[in-house]
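Reading through the structure tokens given below for one structure.
The values are calculated or read from the model by the stated rules, or taken from the named source; none is laboratory data. On a predicted model such as this, the values are computed, not experimentally measured, just so you know. Because the Cβ atoms are built from the backbone with ideal geometry, glycine has one as well, and the counts that use them run over all protein chains shown.
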Amino acid sequence: MNISAIGAGYVGLSTATVFAELGNNVIVADISKEKINNLNNGVMPFFEPGLKELVIKNVKEKRLKFVDKNNYAIEHGDVIFICVGTPPKENWETELKYVENVAIEIAKNMTSYKVIVHKSTVPVETGDNIKKIINDNVKENINFDVVSNPEFLREGTAIKDTLEPDRIVIGADSDRAIDIMKKLYGPIKAPLIITDIRSAELIKHASNAFLATKISFINSVARICERSGADVENVAVGMGYDKRIAKDFLNAGIGYGGSCFPKDSQAFIKIAEKYGYDYKLLKATNEINEEQKQIFVKKIKDTLKNNDNKKVGILGLSFKPNTDDMRFAPSIYVIQELQKDGIKIKAYDPESMEKSKNILKDVEYCKNPYEASENTDALIILTEWNEFKELDFKRIKSLMNNPLIIDGRNIYNPDDMVKEGFRYISIGRKEVK
Ligand code: UGA
């Protein structure tokens, strides 16, 4: 099939590349000439495991093309995916102008029947809005259908999540569009949920809100564990065996970050407000998430006692492993709060230091975890990259001023760390002395 994606971000690039890999002819458009030039030369706009290889392969085999003019993509695609950004406004409502502008462009440039699919995370009723915009701007009497096909991929596993999703949600009100979408997704083996457009839009926001709530739930349990001497890791395992609860997303830590949960949960509260509903549960989820970072900073400051002239090493800056994304990364808050008290910062992250340098100033960026440990009073884990799980702790201990590890992601076993000679403080687990 001829497919187009407008917007070469995480969603647009992953979707387009996977559909090309499945044999479709795909054009991706983005207004950034630089991004398009880079993509045509095999340079990705962000780090995502497996993406680069697949892009290069499909460009070479001529199934994937990048253009800097939306009208080429609009003309080409029988199915057009709208994958442009939906950033938060200052009051956390969703900024829809990019989606709306693309809808106008599609209306003005389409010359035959199109299935117009919105994949970006948008408030319920955006599909109706897109339909209206296109109807208002279309030149002749050209048929089209609007479909909501929310994306559930996670950064760091975007390609795998797109090729092997838990489910595919198609919100549509036309059999013609449903048939085309079914054919397009035919090669991907996953349950297909066909529903109306508004329900599809809500499935996305409700799913992210639920996952964010699950994280705040376990972080609340972690606080009770710390006070009662229980171990949140064991509590999570015991809970997770119940199929109704499920084990994923029960990792206590320093709270969720990234471009999705913080923004989507706030946006969902606003959407609820618009319909006259006070979404208390989700407000509490966000509040707990903010507190989680504050509690962690307090833990560091209390442990260091006198903060004057103290230096700490930070391992991990990105909001999660396998990405260089720094958007709403808890590391930003944690580091800035420590700096306010005069604590000096050394830091290492395998992928996100370039992006970090634009956000976090007065940080000594290091080449590896060992350099980041040298002459520090504490080593602080903020992202659970695999390479931090197996370190030479004898070497780390010999490099540090003081053998103290404060782990915001619970990646080490407390008994092992004590045996290695460290004071080890983590989340929701009592300190082994
Ligand atoms: C999230 C959802 O998981 C995807 O399904 C969704 O498509 C995406 O948002 C989106 O809306 O675009 P993502 O933000 O890439 O994906 O990353 P997650 O793996 O969900 O992690 C989000 C945050 O929660 C991270 O900061 C992570 O460290 C934190 N987290 C996750 C925890 O603190 N504990 C957990 O148990 C799981």
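Consider Glu34 carefully, then state whether it is among the acidic types (Asp, Glu), within 25 Å of Ser318 (Cα to Cα) and more than 19 Å from the chain's Cα centre (by Cα).
Values: among the acidic types (Asp, Glu): yes; within 25 Å of Ser318 (Cα to Cα): yes; more than 19 Å from the chain's Cα centre (by Cα): yes.
It is true that Glu34 is among the acidic types (Asp, Glu), within 25 Å of Ser318 (Cα to Cα) and more than 19 Å from the chain's Cα centre (by Cα).
Looking only at segment 378-385, decide whether some residue is crowded, with 20+ Cβ neighbours inside 10 Å, more than 29 Å from Thr157 (Cα to Cα), at pLDDT 95 or above and over 28 Å from the mean Cα position of the chain (by Cα). Yes: segment 378-385 contains one or more residues that are crowded, with 20+ Cβ neighbours inside 10 Å, more than 29 Å from Thr157 (Cα to Cα), at pLDDT 95 or above and over 28 Å from the mean Cα position of the chain (by Cα). Would you please name the residue that is farthest from Lys299 (Cα to Cα), looking only at residues in segment 309-325 that are assigned to a loop (DSSP other than H, G, I, E, B) and either outside the structural domain of Pro403 (by TED's automatic domain parsing) or away from the ligand (no atom under 15 Å from the Cβ) (or both)? Taking the candidates together, the pick is Asn309. It is to be established whether one or more residues within segment 408-421 are free of Cβ contacts under 8 Å to residues at least 60 places away in the same chain, over 19 Å from Ile218 (Cα atoms), buried (at least 16 other Cβ atoms within 10 Å of the Cβ) and in contact with a Gly (Cβ under 6 Å, 6 or more places away or on another chain). Scanning segment 408-421 turns up no residue that is free of Cβ contacts under 8 Å to residues at least 60 places away in the same chain, over 19 Å from Ile218 (Cα atoms), buried (at least 16 other Cβ atoms within 10 Å of the Cβ) and in contact with a Gly (Cβ under 6 Å, 6 or more places away or on another chain).
Here Val432, Val334 are screened, and the one residue that is closer than 23 Å to Phe249 by Cβ and in the same structural domain as Val221 (by TED's automatic domain parsing) is Val334. Surrounded by 15 or more Cβ atoms within 10 Å (Cβ to Cβ) and within 30 Å of Asn286 (Cβ to Cβ): which single residue out of Glu21, Glu93 fits that description? Matching residue, one of Glu21, Glu93: Glu93. Only a single criterion out of (1) assigned by TED's automatic domain parsing to the domain that holds Glu21; (2) basic (Lys, Arg); (3) within 12 Å of the ligand (Cβ to nearest atom) is not satisfied by Lys183, namely (3).
The set of residues in segment 325-365 that are basic (Lys, Arg) and either farther than 20 Å from Asp407 by Cβ or out of contact with any Gly (no Cβ under 7 Å at 6 or more places or on another chain) (or both) comprises Arg327, Lys340, Lys344, Lys355, Lys357, Lys361. Within segment 286-299, not a single residue is surrounded by fewer than 16 Cβ atoms within 10 Å (Cβ to Cβ), aromatic (Phe, Trp, Tyr) and over 21 Å from Thr121 (Cα atoms). Show the residue pairs meeting these rules: Cβ distance below 9 Å; 6+ apart or different chains; first residue within segment 294-311 and at positive phi; second residue in a loop (DSSP other than H, G, I, E, B) and of a type outside the set (Asp, Glu). Partner pairs satisfying both residue conditions: Asn309/Gly342; Asn309/Ile343. From the list Ala272, Ala222, the one residue that fits, being surrounded by 21 or more Cβ atoms within 10 Å (Cβ to Cβ) and either more than 16 Å from the chain's Cα centre (by Cα) or assigned by TED's automatic domain parsing to the domain that holds Pro87 (or both), is Ala222. So for segment 119-140 (the condition being assigned by TED's automatic domain parsing to the domain that holds Phe19, of a type in the set (Lys, Arg) and outside any loop (DSSP other than H, G, I, E, B)), does at least one residue qualify? Yes.
Just a yes or no: is a residue in segment 56-67 within 16 Å of the ligand (Cβ to nearest atom) and surrounded by fewer than 16 Cβ atoms within 10 Å (Cβ to Cβ)? So far as segment 56-67 goes, no, none of its residues is within 16 Å of the ligand (Cβ to nearest atom) and surrounded by fewer than 16 Cβ atoms within 10 Å (Cβ to Cβ). All but one of (1) farther than 30 Å from Pro321 by Cβ; (2) loosely packed, with under 15 Cβ neighbours inside 10 Å; (3) under 23 Å from the mean Cα position of the chain (by Cα) hold for Arg167; state the number of the condition that does not hold. Here Arg167 clears every test but (1). Taking the criterion of being within 15 Å of the ligand (Cβ to nearest atom), of a type outside the set (Val, Ile, Thr) and touching a residue at least 24 places away in the same chain (Cβ under 8 Å), the only residue of segment 226-245 that qualifies is Glu233.
Is it fair to say Ile345 is over 25 Å from Thr157 (Cα atoms) and crowded, with 18+ Cβ neighbours inside 10 Å? Taking the combined requirement at face value, the residue satisfies it. Quick one: would you say Phe217 is assigned to a helix (DSSP H, G or I), within 15 Å of the ligand (Cβ to nearest atom) and either among the charged types (D, E, K, R) or within 22 Å of Val334 (Cα to Cα) (or both)? For Phe217, the condition - assigned to a helix (DSSP H, G or I), within 15 Å of the ligand (Cβ to nearest atom) and either among the charged types (D, E, K, R) or within 22 Å of Val334 (Cα to Cα) (or both) - is met.
Based on what the data block shows, is Leu250 within 11 Å of the ligand (Cβ to nearest atom), modelled with pLDDT of 95 or more and either outside any helix (DSSP H, G or I) or surrounded by 20 or more Cβ atoms within 10 Å (Cβ to Cβ) (or both)? Write out each step before concluding.
Values: within 11 Å of the ligand (Cβ to nearest atom): yes; modelled with pLDDT of 95 or more: yes; either outside any helix (DSSP H, G or I) or surrounded by 20 or more Cβ atoms within 10 Å (Cβ to Cβ) (or both): yes.
Taking the combined requirement at face value, the residue satisfies it.
Reported count of residues in segment 261-277, each being in contact (Cβ under 8 Å) with a residue 40 or more places away in the chain, away from the ligand (no atom under 13 Å from the Cβ) and of a type in the set (A, V, I, L, M), is 2. The number of residues in segment 152-180 being of a type in the set (S, T, N, Q) and within 16 Å of the ligand (Cβ to nearest atom) comes to 2.
Within segment 194-205, is even one residue of a type in the set (Lys, Arg) and in contact with a Ser or Thr (Cβ under 6 Å, 6 or more places away or on another chain)? The answer is yes, given that some residue of segment 194-205 is of a type in the set (Lys, Arg) and in contact with a Ser or Thr (Cβ under 6 Å, 6 or more places away or on another chain).
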